[in-house]
Amino acid sequence: MVTFELLKDKGILIVTPHGALEAWDFANLAKEIDPYIEENGKLNGLMLCPGDKFPGWEDFAALIAHFKFVKNHHRNIKKVAAVTDSKFLTCAPKIASHFVQAEVKHFDSKDRAKAMEWLEAK
């Protein structure tokens, strides 16, 4: 399950997983951001806050839903901030740069405010 908040005035989506990702998480995210993207053209930023480890996926359907979500939305997101202390996820920006158009940057959990400043910067 994920919780998310769309800061419409800033064009920034904050996503926080709480356990294994489920297929319907991505459907709910799309319902929230697709109208915003349609009206505004893009999201300025996406802040991912997975805590100290990536929670994984509930099942194969969730993995596929995640890939489809990324495929359908990555061109509409300017920047992605991965806010985590996970050693594995610190290399996410390098890996993600091969698959998404967004600029991706890692921030330690204590630097969440810096991540927000980076997402807000033009």
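So the values come out like this:
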item: Only listed residue being at pLDDT 90 or above, in a helix (DSSP H, G or I) and closer than 18 Å to Leu21 by Cα, chosen from Ala115, Ala65; result: Ala65
item: Residue match in the range 36-49 (condition: farther than 25 Å from Asp85 by Cβ, among the β-branched types (Val, Ile, Thr) and modelled with pLDDT of 95 or more); result: yes
item: Residue in the range 14-33 that is farther than 13 Å from Phe69 by Cα, at pLDDT below 95, in contact with a helix residue (DSSP H, G or I) (Cβ under 9 Å, 6 or more places away or on another chain) and not in a loop (DSSP other than H, G, I, E, B) present; result: yes
item: Test: residue in the range 55-71 that is buried (at least 16 other Cβ atoms within 10 Å of the Cβ) and either of a type in the set (S, T, N, Q) or closer than 26 Å to Ala113 by Cβ (or both); result: no
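Residue-wise test of (1) modelled with pLDDT of 90 or more; (2) in contact with a Ser or Thr (Cβ under 9 Å, 6 or more places away or on another chain).
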position: Pro55; (1), (2): no, no
position: Ile77; (1), (2): yes, no
position: Leu89; (1), (2): no, no
position: Ala92; (1), (2): no, yes
position: Phe99; (1), (2): no, no
position: Ala102; (1), (2): no, no
position: Phe107; (1), (2): yes, yes
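The values are calculated or read from the model by the stated rules, or taken from the named source; none is laboratory data. These numbers were taken from a predicted model, which means no experiment stands behind them. Note: ideal-geometry Cβ built from the backbone for every residue, glycine included; neighbour counts use all protein chains shown.
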